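Where a number appears in this text, it was derived from the coordinates with a stated rule and is not lab data. The structure presented is a predicted model; accordingly, all values stated were derived computationally and were not measured. All Cβ positions, glycine included, derive from the backbone under ideal geometry; neighbour counts span all protein chains shown.
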């Protein structure tokens, strides 16, 4: 049995990152089954017991250095990803050091290392920009948007070739959530926000547009905190600003249930990247609001553009874009299928490296 160690932002109850892990595990298990094989997984997590129980894997503390050394030392493949791990705009700017340090350590132990479905940047600190060249140690690199491809080139990452893929959310199979939010034949619109610069301004503009949309379409509103630990306070603030009746989703859903929930929506308006990705995977029209370049980079893959940024959002522009997008479900589904095919191709390449490559690490 082959062993894979996976590193990422897991165990924090961030819906986007949990969906990345869920999609990756599902697809790799499927690839192994096609070959009559099995894989044992070890995930580096902030909540090892919860991660182990949820996904049926072994999990160890993401800061437990001795246990990490032991697990990497006995693995066949070290997999870093996916998501926005390699950036220094959040936290204490240690993400680049931590995640590429693990890649370096895996190579030091003679293990194959892969950077999978990353969104790169922004990487602004000079030390971190130099450190990014450690990515050249990887056997395979895949990124989820064109902007990340360009950023890696600027940072001097040119070995191995970098592949454009899609977010692992596109690998998920939706599952009906335990509780349906749909009421009769009323449209259902979702709003997803996060704290950050310009918060008071953009919440006000979203509230103005959402109230008018709810009235115009007779819609119900659902507010989704994608990362409850960070998003719930600002989500409650938005709820208090709305005139229309709105429900704040408080359940922590499994990623497949969350995808099933998104399939019930008729429109998604989001500041959070992964709410837009979930919408796309479910074939649902969306309006994105930029707080980070990765939002525009993802929308570009769907031939869409943001309604504005958190700093300059205007309710009228948001409203106009929402009306325009309402009929775009079929186009989104077609684009989604293309991205799903890309994601599957990348995972097939991972499986080939794990099971069929006889080359040296």
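The ratio of the alpha-carbon radius of gyration of the stretch 221-361 to the globular-protein estimate 2.2 N^0.38 Å is 1.21.
When a/c is below 1.5 the answer is rounded, else prolate if a/b is larger than b/c, else oblate, so apply that to the chain with a ≥ b ≥ c taken from the square roots of the Cα gyration tensor eigenvalues.
The shape class here is prolate.
The label point for residue 109 and the one for residue 46, both projected 7 Å from the Cα toward the Cβ, are 2.3 nm apart. Tell me, what is the percent relative contact order of the stretch 188-336, built from C-alpha pairs under 8 Å that lie six or more residues apart? Over the stretch 188-336, the number comes to 27 percent.
Calculate how steeply helix 228-241 sits against the longest principal axis of the alpha-carbon atoms of the chain, using the helix alpha-carbon long axis, and give the answer as 0 to 90 degrees to the nearest 10. It works out to around 10 degrees.
Please rank 44, 299, fewest neighbouring Cβ atoms within 10 Å first, as an exposure proxy. Provide the component values of the computation, followed by the final result.
On the way: 44 26, 299 21.
Ordered from fewest to most neighbouring Cβ atoms within 10 Å, 44, 299 come out as 299, 44.
As a proxy for reagent exposure, 286, 326, 1 were ordered by neighbouring Cβ count within 10 angstrom, fewest first; the result is 1, 326, 286.
Rounded to whole Å, give me the distance from the Cα center of the stretch 223-273 to that of the stretch 287-341. Value for the Cα centre distance between the two parts: 17 Å.
Per-residue ellipticity at 222 nm, computed for the chain from helices alone with -39500 (n - 2.57) per DSSP H run of at least four residues, works out to -14500 deg cm²/dmol. Going from the residue with the fewest nearby Cβ atoms within 10 Å to the one with the most, 265, 127 rank 127, 265.
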